[in-house]
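To start, the structure under review is shown below, and the notes come after it.
The values are calculated or read from the model by the stated rules, or taken from the named source; none is laboratory data. Computed from a predicted model, the values in this text were never measured in an experiment. For neighbour counting, all protein chains shown are included, and Cβ atoms are generated from backbone atoms with ideal geometry for every residue, glycine included.
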Amino acid sequence: MQPIEEAAADFQIRRERERRRFHARKPKGIANVLAQLITARGYGRIQAEADFGTAWRKAAGEVIAKFTRPGRLRRGTLEVTATNSAVVQELTFQKQQILTQLNTELPDAKIRDIRFRIGSIG
């Protein structure tokens, strides 16, 4: 390389490095900072679980809700844990009604299906 080309390449490298350094120092909007914090700490998921719990109690009824616990929502399917098979069978009978009620209570969740399983609700 010729000295002029080397100087131009060196100038480009320094310029790019300075641009990256300057960009990193720009002030960030408070909304972006809070969104990153909420995501990193998992506060959004905690709030969503609380919302699911409240909506679940309304949709399933207090009696059934005592024996169940809503779990995670994955790809539109809400996983619900029940204490025994009799509760799972009753939930299966009421599945469409519960699903309609949940979608009324939580329209942004877009729940398409409910999957029941037996387990500890501790």
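Restricting to the range 66-92, count the residues that are without any contact (Cβ under 8 Å) to a residue 24 or more places away in the chain and either under 11 Å from PHE116 (Cβ atoms) or under 17 Å from the mean Cα position of the chain (by Cα) (or both).
Qualifying residue count, the range 66-92: 7.
The rows are residues; the columns are (1) part of a helix (DSSP H, G or I); (2) at pLDDT 90 or above; (3) crowded, with 17+ Cβ neighbours inside 10 Å; (4) of a type in the set (Gly, Ala, Ser).
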residue	(1), (2), (3), (4)
GLN47	yes, no, no, no
ALA59	yes, yes, yes, yes
VAL63	yes, yes, no, no
ARG69	no, yes, yes, no
ALA86	yes, yes, no, yes
THR92	yes, yes, no, no
LEU99	yes, yes, no, no
LYS110	no, no, no, no
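If PHE52 passes every condition in (1) out of contact with any Pro (no Cβ under 7 Å at 6 or more places or on another chain); (2) at pLDDT below 85 but one, which one does it miss?
Failed condition: (1).
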